[in-house]
Structures are given as C-alpha cells and as structure tokens.
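Coordinate-derived values only; no laboratory data. This is a predicted model, so every value here is computed, not measured. As a convention, Cβ positions derive from the backbone with ideal geometry for all residues, glycine included, and neighbour counts pool all protein chains shown.
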Amino acid sequence: MKKVERINVIMRYINNRAHFTISEIMREFDVSRSTAIRDIREIESMGMPLVSEAGRDGGYFVMHNSVLPEVRFTDHEVKALFIAFMATRNQQLPYLKSRQSIAEKLLSLISESQQDDLILLNQLLLFEGTNPHNPDLLDLSDLPHPMVETLFQTLLLDRYLLLTIQEEKDIKSYPIYLLHLYHEKSSWIIEGFDLTEEKKRIFPADLLLDIKPYSPKKRLREQEIIEKLKMREEGINLVLELGPKAIAQYKKYHPLRVSIAYTNPYQTTAILKTFVNVHKPDELTEFTNWLLFLGRDLKIREMPEKILENVRRGLDLYRE
C-alpha cells in the first residue's frame, strides 16, 4: 500500500476508536514501529487533534468532538468516482441534486492534470443511456419518478409501508414489508411481503401514488415474515442455471415476479428460482414462451413436467 493510501486508511481507523496504540497500528497495517510513529506524526501535522499518553505502547486518543480532517483521494480513486458517475448517468437515480453537487465538489478538489485525464475519459467512455453528442459529467437531467425519492426517504425510517398503486382500472392500497428495491432498465421495482395476503408482491415504482408508514397495530414481526417466506420458498418448482447468453435475454425481458441471483462476480452465471402454477393455462403458456425466449444457454435443475413438455413442443415447432 502506498504511503498516501495508508495514511488515509489509518486516519479513518483511528477516528473510529476512542483509544489506540502504536503496537495496534503496526499490527493492523503491517508496518514497522518507526513507520507507524512517522505516519502518526504526519496525521497530527494535518490537523487531527491526537493526545498522547505516557506508557510502553505509546497510547493515543482523539480529542472529544473532533472530526476527521479532509480526506485525500488518490489518482485511481478520483478516476473510480468519475467513472461511477458516468456509468450511472441517466439511470433515474434518486438524490439527483446531491449527485450533481458531489460531482462539482469532486472537480474542484482535483489538480489540473487530473481534470485533463477526466476530460479525456469523458470523451472516450460511453455507457448505456449516455448522449454521445453531449457526454457531460454534470448533465444529470434524467429525473426519476417523483415518488422514488419519497420512497427512499420513507423506507429508511420504516420498512412497513402502505403503498397506494395505480392499477389498470382502479386504485388499490397494499400494506407491505419492503424486502428489496430493484433498479432495472432505468426503472425501480419494489419487492415486498404483502402483510394481508402473506405473500410476495412486485410493484413498478412508476405506479406509486402515495406512500405511508403502515399501522404498528397490524404488523407482523420481522421474524414471522422471514419464517413465512421460507415456507413459501419450499413451493419453488422451477430452478434454472443461466449462462451469459440467457442472462442477456433475461435483461431484455422477464416477468416482474422473477429475479435471478448471480453466482460469480462477473455476472456471467446466475440461478433463477420461482414458482409456476401449472394449473393456470395462461401462466403456463407465459412461462413456456419466456423460457423459449431465453434460449439454450441454460441448465434445468428443476422444472414441472408440464412446462418441460411445452418447451419440447415449442422447440419441435422451431425445428419445423
């Protein structure tokens, strides 16, 4: 680890502790005693108010109510932040105004040579949703649905929510315990446990009309919800392993209630688990057609016989 990086990490390390010793720094960062002492002295010179204590191990503590001094970014860290902003531009993310101010502060912190590097990267790198005729870091104008930021603010306080949803013909309210938020194809998908019907539900955030905390008197305990979800998982009857081509097809289209779990860090393999009600002809047909759409880059771990028969029949029609 380079010295600048090490000192930044040490600063964060000691700022989160009421007390530390030179020996702890040596052990944690694998440095000699003289290097640890030099690093501590440099951190003190940067403005961190450390108070030393007499003793064999050279103890220190940070003065009460002190805050971490300005953090320095390495050259690679600046580029990582910049590319992260580029990759998420025009993705309908919440806190858009805050992201813009962060970008402005980032540009003001770095040197002219680093700014030149970022300008070049901005010219060369194009991500999905980027306008090639105006690839500007600060052009964060693709606002999300107005309820998305309200949803974020509410769920940080309480995951038990009463959602009001605009459906095809009417407006309905659903009490849910929020499980996950998915961001796919520039849209937000809400996955929640329906507290009335005691099952998972999926809602596009674009259909949200209102969000409120749900009445505490009518809530299930979190542990009860987990247990009921486990019982539901026992009913899973379709399990597939997806390769990169099938994953690409999945990203183009998939039923809202179906999700995948990636099985490697490169997101080239995934597992799909779901339940298909084979006694409902419409659902059976929908899943058969979708599986044919996914293509051959998948392995079947578990599949109802009726779906397998339909898939084979569909493949025979393709051959004809």
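See the values below:
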| item | result |
| --- | --- |
| Residue among GLN153, ALA103, GLY192 farthest towards the positive dipole end of the chain, charges placed on Cβ | GLY192 |
| Highest-fluctuation residue, LEU308, LEU207, LEU50 considered, GNM on the chain with Cα pairs under 10 Å | LEU50 |
| The chain - mean residue ellipticity at 222 nm from DSSP helices (-39,500 (n - 2.57) per run, n ≥ 4, rounded to 500) | -13000 deg cm²/dmol |
| Amide hydrogen neighbours beyond the local backbone of PHE275, cut-off 5 Å, H modeled | ASN237 |
| Relative counts (whole %) of C-alpha pair distances in region 226-320, using bins that are 5 Å wide | 3, 12, 23, 25, 19, 12, 5, 1, 0, 0 |
| Simple Cβ-charge dipole of the chain, Lys/Arg +1 and Asp/Glu -1, about Cα centre, in debye nearest 20 | 660 |
| For peptides 192-200, 239-247, sequence by mean Cβ density within 10 Å, most packed first | 239-247, 192-200 |
| Helix axis angle, 281-294 relative to the chain longest principal axis, alpha carbon, degrees | 50 |
| Highest-MSF residue in the chain out of HIS19, HIS145, HIS254 [GNM, Cα springs under 10 Å] | HIS19 |
| Cα gyration tensor shape of region 3-62, rounded if a/c is under 1.5, else prolate or oblate by comparing a/b with b/c | rounded |
| The chain: Rg to Rh, with Rh as the Kirkwood radius over Cα pairs | 1.07 |
